[in-house]
1. To the nearest 20 debye, what charge dipole does the range 24-113 have about its Cα centre, counting +1 at the Cβ of each Lys and Arg and -1 at the Cβ of each Asp and Glu?
2. How large is ³J(HN,Hα), in whole Hz, for each residue of the range 98-107 in order, when computed from phi with the Karplus curve 6.51 cos²θ - 1.76 cosθ + 1.60 and θ = phi - 60°, using x for Gly and Pro?
3. Summarise the accessible area of the chain (1.4 Å probe, protein heavy atoms) by the percent that is carbon and sulfur.
4. Only bridges with both residues in the chain count here: give the DSSP antiparallel percent, nearest 5.
5. With all distinct Cα pairs included, what does the Kirkwood hydrodynamic radius of the range 191-342 come out to in Å, to one decimal, could you say?
6. Helix 179-199: angle to the longest alpha-carbon principal axis of the chain, degrees 0 to 90, nearest 10?
7. What's the whole-number percent of alpha carbon pairs in the chain lying beyond 39 angstrom?
8. Considering amide H positions built from the backbone, and no H for Pro or chain starts, which residues 5 or more places from A74, or on another chain, come under 5 Å of its amide H?
Amino acid sequence: EKAGHRHFMGKEIHEQPQTLSGVLSRYIEGDRIVLPTDYDFSATDRIQMVACGTAQIACSVAKYWFEALARLPAEVDIASEYRYREGPVGIDTTALFVSQSGETADTLAALRYARGKARAILSVVNVVESSIARDSDIIYPIHAGVEVGVASTKAFVNQLAVLLCLAIAAGVQRGEIDAQREAELVAGLKLLPGLMSQGLTIEERCEALASRLSEASDILFLGRGPMYPMAHEGALKLKEISYIHAEAYASGELKHGPIALVDRTLPVVVFAPMDPLFEKTVSNMQEVMAREGQVLLVTDADGAKQASDGVWEVLVMPRIDPVFAPILYALPAQLLAYHTAVHKGTDVDQPRNLAKSVTVE
Ligand code: M6R
């Protein structure tokens, strides 16, 4: 049932080109985004996204998409904070809950807090026969299939894909995306599964880097823009399955504190696809190198050409339109953690102290 893989997590990482293509086929018709259930994003003045763990990281990426593509103010909350904060939920607010299992206790409680206050309760779930799905006005399924590994991989990628489709649909409805731009975005989405397959070829390099990473006691992940939440994803995956302490920082925050940690023993993973923020991220990366930090740069061929000097290692990803880069860059986040954990010999599919579905507070 692991289809020739050593772990379910390895199998699920490799399934992603197919599972991504599967979910996209449910949200795309021709060169348009067609949601399985309509929702009017032009009649809402903000979106509040609430989730736990990796699902919350997917929301943090989606914040950039909703704001940039649809000019829709977006907030992201950790469910365990949102449920007790007694924050205002305006009648024009759309509340959106993201959960693979649909059973996470804090997310469900947060949903019940928003019920009756928000304009509508939307949820992005994998398990459609779940408590969160049942309590929602509209569900947007992610069609990832059963995910066995405790560390979420294909569900995370499909959460991102559905959230991006929602953001594009919102942009169209709100007059921010015209038909031509929508067609371009849809064309970009259709390229993604192929790029994910190509991206999987970094696996050998990740395996080769695992012995060095597994010696580290701490690892820092840096990124800007939507790569900042992706840095969180890299750090979370690594902590969960390899038990190595990892932290994520927005590159621009480095000099406000964490740069004090940098010395020659600290691996620093930098997510920097070629995008308008590339040079800013690279200048932060150079500050790390000036303090002998061991930089692992994750970029594309253009980025590698411009910024490889003096870095410890480079992982070269396929070139990609920056809008879609977070989906592709889930791969290095997953593969670095996976191979480091395999090298350490930890229980990859059932890491200590963790459960697949957290149904208690
Ligand atoms: O089932 P959910 O999506 O609500 O689960 C939320 C988190 O528990 C989950 O994403 C967790 O962080 C994963 N183990 C991350 O890989």
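The values are calculated or read from the model by the stated rules, or taken from the named source; none is laboratory data. Just so we're clear, the structure is a prediction, and the values are computed from it rather than from any experiment. Note that we place each Cβ from the backbone using ideal geometry, even for glycine, and neighbour counts take in every protein chain shown. For accessibility, only protein heavy atoms count, side chains too; no ligands or nucleic acids. Shrake-Rupley method; radii C 1.70, N 1.55, O 1.52, S 1.80 Å.
1. Working: 8 positive and 13 negative charges, 23 e Å.
Roughly 100 debye, rounded to the nearest 20.
2. Running phi through 6.51 cos²θ - 1.76 cosθ + 1.60 with θ = phi - 60° gives 10, 7, 4, 6, x, 10, 4, 4, 5, 5 Hz.
3. Details: 6940 of 14360 Å².
Ligands and nucleic acids excluded, carbon and sulfur give 48 percent.
4. On the way: 2 of 41 bridges.
Looking only at bridges with both residues in the chain, the antiparallel portion is about 5 percent.
5. Values: mean 1/r = 0.0670 Å⁻¹.
That comes to 14.9 Å for the range 191-342.
6. 40 degrees
7. Values: 7294 of 64980 pairs.
Looking at the chain, the distances longer than 39 Å represent 11 percent of pairs.
8. Answer set, sorted by chain and number: I47.
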